[in-house]
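The structure appears right after this line, and notes come after that.
The values are calculated or read from the model by the stated rules, or taken from the named source; none is laboratory data. What you are looking at is a predicted structure, and each value in this text was computed from that prediction instead of being measured. In this analysis, Cβ positions are derived from the backbone assuming ideal geometry, glycine residues included, and neighbour counts consider all displayed protein chains.
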Amino acid sequence: MNRFTLPRDIYFGKGSLETLKQIEGKKAIIVVGGSSMKRTGFLDKACEYLNEAGIETKLIEGVEPDPSVETVFEGAKIMSEFEPDWIISMGGGSPIDAAKAMWIFYEYPEFTFEEAVKPFNIPPLRKKARFIAIPSTSGTATEVTAFSVITDYKKKIKYPLADFNLTPDIAIVDSELAESMPKKLVAHTGMDALTHAIEAYVAGLRSSFSDPLALNAIIMVRDYLKASFDGDMVARDKMHEAQCLAGMAFSNALLGITHSMAHKIGAVFHVPHGCANAILLPYVINYNKKECMDRYAHIARMLGLTGNTDEELVDSLVDMIRGLNKELDIPLTLKEYGVTKEDFDENVEYVSKNAVLDACTGSNPRTIDDENMIKLFKAAYDGLEVNF
């Protein structure tokens, strides 16, 4: 038996933040990151709408990029003291991911992080609160997914928490929140969305339900990401929708080793997640094509890329991705990004081992071991051909 899970309601389009006026409840905690939601006035708007709904609110502010285990447990403690019946998170992927993890330990204070990182091992939620996610960036799609990524800085490992229980009850996809994104963030989150869609199309649990979402997201990212990067707000609205479609696809089809690798180098080399995906994706496609050449070739045909054979079409797809990276000022290798040779050599075996163990690796279309993962990382570091 298969499963396809999405939020109960998805509100989208400019001004959809007003949906908060319709919420029924007594108390809500709002989890945010830095100052962007406050600076742009959207946090105040959210509080005003909830006040109109008769809901008492409390803030958890300052969630860091790549939220830590410590941040999660501190937030869960605040929730336990306030006892909200709604958890609402606004901002990029980090505060929403952190709020999802806080939700687990608010509902189950005795549950451990070690138990939570086991895929699909989280007990039923919604005993105490329901969840609303409101993204301000156009990439992570955590507002519609069953995932949360939390970093253990002591171990230098990013852990993807995966369970359908983590899928929000309500997603509010209001593109007005994304209009103030800086260009670099537009580029990184947009390539994250493209990676989500491409990986979902070849992932282990892909289906007739996820495929159309993934393919449409790929087309939309190709059509609108560069214009969004250049400041076109119509394109930025389309990208906000595209990343959400990609999220619906990968939340159900799952992902692959591009994400496994990005999680691990993010924790050790501090490469931003979307940038890491953008760099790694061409190398992973060339590794995976031995198992799913036809799927990648279909993407290329759908995009109107050139090639007389499946192999040539996949080459065109890889060239397109690298060309898009160049247009978005994203490096093509880890060396070009700035990871030093000394740092890379010292840590490549560690990140490779952990990438193989990452929750996303199991749904990759081609199996991989530590030895090949090291070779793949080395290819992505130096820009080498992947022919193994």
Just to be sure before I move on: is F120 assigned to a loop (DSSP other than H, G, I, E, B), of a type in the set (F, W, Y) and either buried (at least 16 other Cβ atoms within 10 Å of the Cβ) or out of contact with any Cys (no Cβ under 9 Å at 6 or more places or on another chain) (or both) in the structure I sent? yes
List pairs: first residue in the stretch 354-374 and over 24 Å from E385 (Cβ atoms), second residue surrounded by 22 or more Cβ atoms within 10 Å (Cβ to Cβ) and among the basic types (K, R) anywhere in the structure, Cβ distance under 7 angstrom, at least six positions apart or on different chains. N354/K264; D358/K264
Suppose we filter the stretch 39-59 for residues that are at pLDDT below 95 and at positive phi; how many remain? 1
Give me the residue from the stretch 10-34 that is part of a strand (DSSP E or B) and more than 24 Å from the chain's Cα centre (by Cα) and, out of that set, surrounded by the fewest Cβ atoms within 10 Å (Cβ to Cβ). K27
Failed condition for A141, given (1) out of contact with any helix residue (DSSP H, G or I) (no Cβ under 7 Å at 6 or more places or on another chain); (2) modelled with pLDDT of 95 or more; (3) among the small types (G, A, S): (1)
For the stretch 309-354, name all the residues that are under 22 Å from the mean Cα position of the chain (by Cα) and polar (S, T, N, Q). N325, T333, S352, N354
Looking only at the stretch 277-294, decide whether some residue is in a helix (DSSP H, G or I), small (G, A, S), within 22 Å of S228 (Cα to Cα) and touching a residue at least 24 places away in the same chain (Cβ under 8 Å). yes
Output the residues belonging to the stretch 320-335 that are in contact (Cβ under 8 Å) with a residue 12 or more places away in the chain and assigned to a helix (DSSP H, G or I). M320, I321, R322, L324, N325, E327, L334, K335
Going by what's in this entry, would S36 be described as at pLDDT 95 or above and in contact with a strand residue (DSSP E or B) (Cβ under 9 Å, 6 or more places away or on another chain)? no
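Could you check how many residues of the stretch 174-222 are touching a residue at least 24 places away in the same chain (Cβ under 8 Å), under 30 Å from T367 (Cα atoms) and not hydrophobic (A, V, I, L, M, F, W, C)?
Result for the stretch 174-222: 15.
Run down N354, N372 and say which single residue is in a helix (DSSP H, G or I), of a type outside the set (S, T, Y), at pLDDT 95 or above and touching a strand residue (DSSP E or B) at 6+ places or on another chain (Cβ under 7 Å).
Values: N372 fails: touching a strand residue (DSSP E or B) at 6+ places or on another chain (Cβ under 7 Å).
Being in a helix (DSSP H, G or I), of a type outside the set (S, T, Y), at pLDDT 95 or above and touching a strand residue (DSSP E or B) at 6+ places or on another chain (Cβ under 7 Å) holds for just one of N354, N372, which is N354.
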Among the residues of the stretch 60-94 satisfying the criterion of being within 19 Å of N165 (Cβ to Cβ) and in contact with a Ser or Thr (Cβ under 7 Å, 6 or more places away or on another chain), which is modelled with the highest pLDDT? P67
So, in the stretch 160-171, exactly how many residues are touching a residue at least 60 places away in the same chain (Cβ under 8 Å) and within 16 Å of the chain's Cα centre (by Cα)? 8
What are the pairs with Cβ atoms under 8 angstrom where one residue, in the stretch 92-110, is closer than 14 Å to N121 by Cα and the other, located anywhere, is of a type in the set (F, W, Y)? Sequence gap at least six, or different chains. I104/F111; F105/F73; F105/F111
Meets criteria (touching a residue at least 40 places away in the same chain (Cβ under 8 Å) and crowded, with 17+ Cβ neighbours inside 10 Å) for L317: no
